[in-house]
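The values are calculated or read from the model by the stated rules, or taken from the named source; none is laboratory data. Since this is a predicted model, take the numbers as computed values, not measurements. Glycine also receives a Cβ, built like all others from the backbone with ideal geometry; neighbour counts cover every protein chain displayed. Heavy atoms of the whole protein, side chains included, go into the accessibility calculation; ligands, DNA and RNA do not. Shrake-Rupley method; radii C 1.70, N 1.55, O 1.52, S 1.80 Å.
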Amino acid sequence: MALHAAIPREAITGAVLAGGRGQRMDGADKGLLPLGDAPLVAHVLGRLVPQVGTVVISANRNRERYAAFGYPVAVDAVGDFAGPLAGIHAALRCATTRYVVTVPCDAPYLPADLVAHLASALGAVDDARAAVARTAARTQPVFALYDRPAVIANLDACLRSGGRKVDAWQATLARVLVDFADATAFRNLNTPEELAAAAS
């Protein structure tokens, strides 16, 4: 594909990944757990919605409760809770915009400029297929912007072959890594203890 140039917000679907088993949350549906006076997913949506043109929520449980937020709910097409890679696949299949940015449902502090930085980086690199966030500590593979038509067939093939790791799949793409200074903005609340600490 040609140079992306400037990518307008309206051309980007924001996808919240909320389809996991919540094993480290004692099996609870993480996105619906309360943080203060709202569920985790509401905090994530509050940060993400102003950055994108439209939104989809990838979820395999409590679909009606997620749909009540007013956005389409995408369900995994492969496997039985096959992980975030299957959630990304579901979001790409559901979206109608050229670009899709993914974020997890348990990251309520995600950067307010996440999408702008990812879009700027992707737009500047000819033939790039994805822009992936990175902090000094590590790559943040579930915070990523994709050129949907350019990656969906590749992801189909990866899942059919048994692939389940987001970072391993991304490594097969022409991607650009985008540095963010504040690692705490990418903090995931993965356990009851982390959620309780964030609420205190």
Quiz item: So for region 108-164, what percent of the C-alpha to C-alpha distances run longer than 17 Å?
Solution: 48
Self-check item: Value at 222 nm in deg cm²/dmol, rounded to 500, when DSSP H runs of n ≥ 4 in the chain each add -39,500 (n - 2.57)
Solution: -8500 deg cm²/dmol
Practice problem: Place the peptides 6-17, 168-179 in order of packing, highest mean first, counting for every residue the other Cβ atoms within 10 Å and averaging per peptide. | Solution: 6-17, 168-179
Exercise. Based on a Kirkwood Rh over C-alpha pairs, give the Stokes-Einstein translational diffusion coefficient of the chain at 10 °C and viscosity 1.306 mPa s in µm²/s.
Key: 95
Practice problem: Largest first and to the nearest Å, give the Cα extent of region 136-200 along each principal axis. | Solution: 44, 26, 19
Quiz item: How much area per residue is accessible in region 126-169 when the probe is 1.4 Å and only protein heavy atoms are counted (Å²)?
Solution: 44
Quiz prompt | the chain, relative contact order [Cα under 8 Å, separation at least 6], % | solution = 26
Quiz item: Share of the chain's accessible area from carbon and sulfur, percent, 1.4 Å?
Solution: 52
Quiz prompt | Highest to lowest packing among 38-49, 181-192, scored as the average C-beta count within 10 Å | solution = 38-49, 181-192
Quiz prompt | Centre separation in Å (Cα based) which lies between region 180-200 and region 58-99 | solution = 23
Exercise. Any chance you could give the angle, 0 to 90 degrees and rounded to 10, that helix 114-123 forms with the longest Cα principal axis of the chain?
Key: 20
Quiz item: Hey, got the dipole for region 113-187? About the Cα centre, +1 on K and R Cβ, -1 on D and E Cβ, debye to the nearest 20?
Solution: 360
